[in-house]
Amino acid sequence: MPEHVLGQDLLRSVADQTVRELYVRMIRRARAGTPVRFHYRCDAPDRRRMFEMKIHLVAGGEVEFVSTLRYENPRAPVALLEPGRLRDDRLLLVCSWCQMVALPDKTWVPVESAVETLHLLEAETFPRLTHGICESCLAKWEQESGVTG
């Protein structure tokens, strides 16, 4: 929600250590004058959406983040992604880039498959969603963004 993030330190809102480190690298590169671009999914309960992020240096030494919607496709609503649903203390790891969900056996599956495999519709509450990055997206991100360790 905007009131929770506007005017706040961006990195404080990133819980996953790997994702936080990726943003540190991207910001460092942008501040050095080399823009960073990459694609990521940011789905709504009833839509799959692909965005492009551009991070670049602006006047005064600030770094600007610009997200542009590239495409969206409708889908049947996924209750797990609805913001108003009751949540419990369980955490479900979602890849920040591709929106795949990590299962307990460390495999990554589409959100619809995770709901079915984990029997999430049978519970009264849903787990809270937390974000990280899957190994496949990490490799693609490093190649696409040009940012490495």
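On inspection, E64 qualifies as surrounded by fewer than 16 Cβ atoms within 10 Å (Cβ to Cβ), modelled with pLDDT of 90 or more, among the charged types (D, E, K, R) and over 23 Å from L92 (Cβ atoms). Scanning region 39-57 for residues that are in a strand (DSSP E or B), out of contact with any Cys (no Cβ under 7 Å at 6 or more places or on another chain), closer than 23 Å to E112 by Cβ and without any contact (Cβ under 8 Å) to a residue 60 or more places away in the chain turns up Y40, A44, R47, R48, M50. Taking the listed residues V19, V36, the one that is touching a residue at least 40 places away in the same chain (Cβ under 8 Å), in contact with a strand residue (DSSP E or B) (Cβ under 7 Å, 6 or more places away or on another chain) and either under 16 Å from T130 (Cβ atoms) or exposed (fewer than 14 other Cβ atoms within 10 Å of the Cβ) (or both) is V19, with no other qualifying. L138 - would you say it is under 14 Å from the mean Cα position of the chain (by Cα) and not in a loop (DSSP other than H, G, I, E, B)? It is true that L138 is under 14 Å from the mean Cα position of the chain (by Cα) and not in a loop (DSSP other than H, G, I, E, B). Out of everything in region 67-96 that is in a strand (DSSP E or B) and of a type in the set (A, V, I, L, M), what residue ends up being surrounded by the fewest Cβ atoms within 10 Å (Cβ to Cβ)? The selected residue is L69.
Annotation: of all residues in region 80-103 being of a type outside the set (A, V, I, L, M) and closer than 24 Å to K140 by Cβ, the one that is nearest to the chain's Cα centre (by Cα) is S96. Consider region 102-135. How many of its residues are more than 28 Å from V24 (Cα to Cα), in a helix (DSSP H, G or I), free of Cβ contacts under 8 Å to residues at least 40 places away in the same chain and of a type outside the set (G, A, S)? So the answer is 5. Can you say whether P77 is under 17 Å from the mean Cα position of the chain (by Cα) and closer than 20 Å to L120 by Cβ, as far as the supplied structure shows? No: the conditions fail for P77. When Q99 is tested against (1) surrounded by 14 or more Cβ atoms within 10 Å (Cβ to Cβ); (2) free of Cβ contacts under 8 Å to residues at least 12 places away in the same chain, just one condition goes unmet, and that condition is (2). Counting only residues that are buried (at least 16 other Cβ atoms within 10 Å of the Cβ) and acidic (D, E), region 39-61 holds 1 of them.
The values are calculated or read from the model by the stated rules, or taken from the named source; none is laboratory data. Quantities reported herein were computed from a predicted structural model and do not represent experimental measurements. For neighbour counting, all protein chains shown are included, and Cβ atoms are generated from backbone atoms with ideal geometry for every residue, glycine included.
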